[in-house]
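Here's the structure, in structure tokens; my notes come after.
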Amino acid sequence: MSSRRALNAFGLAVCVGLLGYAWFAQVSLGLEPCPLCIFQRVGVAACGVLFLLATLQNPGRVGGALYGALLVLAALLTAAVAIRHLWIQHLPEGAVPACGASLDYLLEVFPLTDVIRKVLTGSGECARVTWRFLGLSMPAWVLIAALGLGGLGAAANFRNPSLKQIAQ
């Protein structure tokens, strides 16, 4: 297995792990995701699909650069949503927007561009912190993971690294 393929497969495994834990937290821990959480899941899933395609295709230099660019873009967009979520979580109590309609309802009633605008504005449900690990909320961990995935996507695909170079 080439090092590019191995790194992309590792990125895919990380994405599957992140999404698996999000599902576990929702189903077993009873943590209902807010709209911004769902957007972050979509971003991680997009990274996962790109890592999967890059693993299966094992592209050359040009294809690797394209996958690298797409992975960095998807990871940065995911990080941007996580940063927005963290900002909303740190607003003073009186400055937090009121809870809005559910994402399902918004998608039913409004065009997608309006839904994205409304979700990124945030709502009261996005401001609640219901889970922490090592003092960080879920969006903080998504931010760290997204930046790591972007770095991994770049390292795996912008050049043809050998596993020996990465280990050093």
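Odds and ends about this structure:
- Out of ALA154, ALA127, ALA140, ALA80, one residue alone is at pLDDT below 70 and at negative phi. It is ALA127.
- Considered as a group, the residues in region 1-27 that are out of contact with any helix residue (DSSP H, G or I) (no Cβ under 7 Å at 6 or more places or on another chain) and not hydrophobic (A, V, I, L, M, F, W, C) include one that is surrounded by the fewest Cβ atoms within 10 Å (Cβ to Cβ), and that residue is GLY20.
- Criterion: over 22 Å from ASN8 (Cβ atoms), at pLDDT below 85 and surrounded by fewer than 16 Cβ atoms within 10 Å (Cβ to Cβ) - qualifying residue of LEU106, LEU134, LEU91, LEU163: LEU91
- Among the candidates GLN26, GLN40, the residue that is under 24 Å from ASN157 (Cβ atoms) and part of a helix (DSSP H, G or I) is uniquely GLN40.
- The set of residues in region 28-66 that are β-branched (Val, Ile, Thr) and open to solvent by 30 Å² or more (accessible area, probe 1.4 Å) comprises ILE38, VAL42, VAL49, VAL62.
- Checking each residue in region 67-82 for being open to solvent by 10 Å² or more (accessible area, probe 1.4 Å) and over 17 Å from LEU12 (Cα atoms) picks out LEU77, ALA80, VAL81.
- In region 20-41, the residues that are of a type in the set (Asp, Glu) form Cβ pairs under 7 Å with partners that are part of a helix (DSSP H, G or I) and surrounded by fewer than 15 Cβ atoms within 10 Å (Cβ to Cβ), at six or more places apart or across chains, as follows: GLU32/GLN26.
The values are calculated or read from the model by the stated rules, or taken from the named source; none is laboratory data. Computed from a prediction, not measured in an experiment: that's the story for all the values here. Note that each Cβ is placed from the backbone with ideal geometry, even for glycine, and that neighbours are counted across all protein chains shown. Heads up: the accessible areas ignore ligands, DNA and RNA and are worked out on the full protein's heavy atoms, side chains in. Shrake-Rupley method; radii C 1.70, N 1.55, O 1.52, S 1.80 Å.
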